[in-house]
1. If amide hydrogens are placed 1.01 Å from N in the peptide plane, which non-local residues have theirs closer than 5 Å to the one on residue 122?
2. Using the Karplus curve 6.51 cos²θ - 1.76 cosθ + 1.60 with θ = phi - 60°, what ³J(HN,Hα) values do you get for each residue of the range 44-57, in whole Hz, with x for Gly and Pro?
3. Between residue 32 and residues 5 or more places away or on another chain, which pairs have amide H atoms under 5 Å apart, with H built 1.01 Å from N, and which residues are they?
4. Work out how much length residue 32 to residue 8 would gain on full extension: take 0.36 nm times their residue separation and subtract the Cα-Cα distance, in nm to one decimal.
5. Arrange 69, 97 by Cβ neighbour counts within 10 Å, fewest through most, would you?
6. Based on Cβ point charges of +1 for Lys and Arg and -1 for Asp and Glu, what charge dipole magnitude is obtained for the chain about its Cα centre, in debye rounded to the nearest 20?
7. Run the helix sum for the chain: -39,500 (n - 2.57) per DSSP H stretch of 4+ residues, divided by residue count, reported at 222 nm to the nearest 500 deg cm²/dmol.
8. Sort 83-93, 108-118 by packing, meaning the average of other beta carbons within 10 Å per residue, with the highest value first.
Amino acid sequence: MAGLRPESPRPSAITLHQGTQRLEVAFDDGVTVALPAELLRVYSPSAEVQGHSPEQAVLQVGKRGVKILGLEPVGHYALRPTFSDGHDSGLFTWDYLYHLGRNEAQLWADYESKLAAAGASRDPQGAVA
C-alpha cells in the first residue's frame, strides 16, 4: 500500500468521531468509510505490527476500547494516528484507509480467527467480559 497512485481516490473529508471512536473518511469517488479505532490499531501498517514480511506480523491482542487521541497529517498522502496505548508509528495512506474500509468485514473475520487460533482476546488483560 505504498504511495498514492494518480487514479486513487482521495479524501474529501476526514472526521474523527470521539464518541464512537470511528474515523470517517469521505473519498472523492463517493465512497465513505467509518473505521473503528480498534480496527485501525490492529491493522496498523507499522513495522511494529506488520513486521517486514507476513511471517513477522505481530498479532495485536487486548485492543478493544483503544482510542484515537490525535491525528497528524503526513504530507498529502497519509494520516498518523496516536492511539491511547501509545502506538503512533503507523502511516495510514489514503489507499490503505480505502482498503480497510472496503474490506472491513473480511478483515474483522480474519482478525477474530487469528485471535481464536492463538487463544487470545480482543479484551484488555484483566477486563471482565
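Taken together, the values in this text are just the output of simple stated rules run on the coordinates, not laboratory data. Model, not experiment: these values are computed from the prediction. Glycine also receives a Cβ, built like all others from the backbone with ideal geometry; neighbour counts cover every protein chain displayed.
1. 62
2. Here the 3J(HN,Hα) series is 3, x, 5, 5, 4, 9, 7, x, 9, 7, x, 5, 8, 4 Hz.
3. 27
4. Extra length from residue 32 to residue 8 when fully extended: 7.2 nm.
5. Details: 69 15, 97 23.
In order of increasing Cβ crowding within 10 Å: 69, 97.
6. Values: 11 positive and 15 negative charges, 41 e Å.
Approximately 200 debye in magnitude.
7. Working: 4 runs with 34 residues, N = 129.
Helix contribution divided over all residues of the chain: -7500 deg cm²/dmol.
8. Working: 83-93: 16.7, 108-118: 12.5.
The peptides rank, most packed first, as 83-93, 108-118.
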